[in-house]
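What follows draws every value from the coordinates through simple rules; no lab data is involved. Please read all numbers here as calculations on a predicted model, not as lab measurements. For neighbour counting, all protein chains shown are included, and Cβ atoms are generated from backbone atoms with ideal geometry for every residue, glycine included.
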Amino acid sequence: MATTAMAGIMMAGFVIAGCRGTEPVQCGPTVVEQLDPSNIHMLPNAAPPTYLTDPPTSGAHVAGLRVSGLQQQPIDPVAQVSSLEVGIVIIQHQNLDEASRSMLTGLAGDEVAVAPGRGLPARVVATGWGRKLRCNDVDLIRLRAFIAEAAPLAPGGHSPP
């Protein structure tokens, strides 16, 4: 009887442990952020504004300024917001190995900027107009879904190719 009870307890522990899964969650949910009330067009050489969030997802920006494709340096916050307004999605990263950076490179293009970041709240942060996705590692499926979801929501947005 004791052996049967012990086997049942061990089996229950195994089932409960198995429910946790072995794969870590790579990305959290998409966060819809409050739109920055300072959402104005600014002159190209104006003093940099302060944004509500970091990296910013809305706020003061320069009309017509857009950054896309693979970037070798971090993107200035004004350029980030300017790009987000026209539907560009920005994927920033920090502390990734070469293989992970290489996977992100495949996402870069006319409608997506991929750049290193500074002081990010996660190893990979994707931003769209008013939206943010934090990932603890590269999750291409989730990042592609975020791009498809976020790009058309910008004031000047469009559907990605």
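Here is how the numbers come out for the structure above:
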read-out: Region 24-153 - Kirkwood radius from inverse mean 1/r over Cα pairs (Å); value: 14.4
read-out: Over region 59-161, relative contact order from alpha-carbon pairs under 8 Å, at least 6 apart, %; value: 30
read-out: Distance between modelled label sites at T30 and L140, nm, 7 Å Cα→Cβ extension; value: 2.1
